[in-house]
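Here's a structure for you.
The values are calculated or read from the model by the stated rules, or taken from the named source; none is laboratory data. This structure is a prediction, so every number in the text was calculated from the model and none was measured. Ideal geometry is used to build each Cβ from the backbone, glycine not excepted, and the neighbour counts take in all protein chains shown.
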Amino acid sequence: MNRPVSFPDPQTLSAWRHDFHRHPEIAFEERRTQGRIVEILREQGLAPVTGLGGGTGVVATIEGKRGPGRSIGLRADIDALPIEELNDFDHRSTLPGRMHACGHDGHTTMLLGAACALARDPDFAGRVHCIFQPAEESEGGGRVMVEEGLFERFPMEAVYGMHNWPGLAVGEAAVHDGPVMAAFDVFTLRLSGRGCHAAMPHLGTDVVLAACQLATQLQGLISRETPPHQAAVLSITQFHAGDAYNVIPETVELRGTVRCYDAALKARLEQRFRDAVDATARFHGLEAEFDYQARYPATLNSAEHAARCAEVLETLPGIRRVHRDLPPSMGSEDFAFMLARCPGAYIWLGNGDSAALHNPAYDFNDAIAPLGVAYWQALVRSLLAE
């Protein structure tokens, strides 16, 4: 089951990854990336399909030589982030304000390597759909692929994903039986009142005071209304108000995120947030415009599929330890949309002592690319053995 990686070799994987890193493309703009993926897949005799995912996604199907059997999906994200890279190595980004700061260049490379290896030696039954998904970073490319018919055009019984994880040692992996990543909602709140001179606050309605009170009170939704055993985070990340020393402005705008794992808790937090906004606006005599958007659901593994992934990892050369008890992350992942429609599992593969994800000094660790390729191959051969 666990065959050594002979093709592509580590040098080829690094070359592919560095090329992707030099040419980062953000959500739904991944045209060059798509073209390179298609080129490499066609060199191995595959017939990749494009068009899903707003036009920049790719799906390549590999038929096993052992005949009919189950169908599964393997997914990698391909987009970059709007971040200015601070690294100075030779493969740094060539595009200002664009950077592979989350390792999607590595994820793409690992799935490409596995697809090429499996295409050369399809010693399994059934078929594998290799899914190269655009726009993971906050734009919901996974949702778009599902809405555009991914699972209807490419039926599969299970779907699997993988992400590099800084701080987890090379040779280590983590597999969760349930929640892996949190649901992710965003909000924009605009409070409007009557501006006035700062020396005469009684002549106006102070939107800054109201916004500050609300920002403080909202944390009670987490610390006093959320059960201690249920994780949730409410973060106000932007506060925009006024542009003069001596004027209380007419408007203030707050933006931020709400995250948790439980769907019922998520709905309750949204309703209580709305209640707090309405009460604050009434008390201070303000108008409130509240835009609350549900972006990503929680990423939830199927325990059965997670256990199978862990079994494969534990027998894989190069993997020294598989963590089964690490806490899930409050970060979010749009692979959640695929898992909501099709059972499967999403694992973390240690990236070593690198900079954090979404950091301008981050870089994917080339040493783990062969491990990722080997894992994908071993998972396929385990699941589709007959």
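Being touching a residue at least 60 places away in the same chain (Cβ under 8 Å) and exposed (fewer than 15 other Cβ atoms within 10 Å of the Cβ) is true for just one of 295, 321. Which residue is that? Explain how you work it out, then say what you get.
Details: 295 fails: exposed (fewer than 15 other Cβ atoms within 10 Å of the Cβ).
Result of the check over 295, 321: 321.
Test residue 33 against the stated conditions and say whether it is over 29 Å from residue 315 (Cα atoms) and either assigned by TED's automatic domain parsing to the domain that holds residue 152 or assigned to a loop (DSSP other than H, G, I, E, B) (or both).
Numbers: over 29 Å from residue 315 (Cα atoms): yes; either assigned by TED's automatic domain parsing to the domain that holds residue 152 or assigned to a loop (DSSP other than H, G, I, E, B) (or both): yes.
Yes, satisfied.
What is the one condition in (1) at negative phi; (2) in the same structural domain as residue 164 (by TED's automatic domain parsing); (3) not β-branched (Val, Ile, Thr) that residue 358 does not satisfy?
(1)
Additional query: I'd like the full set of residues that are hydrophobic (A, V, I, L, M, F, W, C) and under 22 Å from residue 51 (Cβ atoms), limited to region 117-144.
Going through region 117-144, the residues hydrophobic (A, V, I, L, M, F, W, C) turn out to be 117-119, 124-125, 128, 130-132, 135, 144.
Once the filter is applied, which keeps residues that are hydrophobic (A, V, I, L, M, F, W, C) and under 22 Å from residue 51 (Cβ atoms), region 117-144 yields 119, 128, 130, 131, 132, 135, 144.
Going by the conditions given, is residue 198 more than 27 Å from the chain's Cα centre (by Cα), farther than 22 Å from residue 293 by Cβ and in the same structural domain as residue 264 (by TED's automatic domain parsing)? Steps first, answer last, please.
Values: more than 27 Å from the chain's Cα centre (by Cα): yes; farther than 22 Å from residue 293 by Cβ: yes; in the same structural domain as residue 264 (by TED's automatic domain parsing): yes.
Spelling it out, residue 198 is indeed more than 27 Å from the chain's Cα centre (by Cα), farther than 22 Å from residue 293 by Cβ and in the same structural domain as residue 264 (by TED's automatic domain parsing).
Filter region 197-226 for residues that are within 19 Å of residue 275 (Cα to Cα) and not in a helix (DSSP H, G or I) and give the result.
Hits for region 197-226 are 219, 224, 225, 226.
Let me ask something additional. When you scan region 131-143, do you find a residue that is of a type in the set (Phe, Trp, Tyr), assigned by TED's automatic domain parsing to the domain that holds residue 307 and more than 15 Å from the chain's Cα centre (by Cα), even just one? If you could, list the steps in order and put the result at the bottom.
At the first step, the residues of region 131-143 found to be of a type in the set (Phe, Trp, Tyr) are 132.
From what is left, the residues that are assigned by TED's automatic domain parsing to the domain that holds residue 307 are 132.
Now narrow it down to the ones that are more than 15 Å from the chain's Cα centre (by Cα): none.
No, region 131-143 has no match at all.
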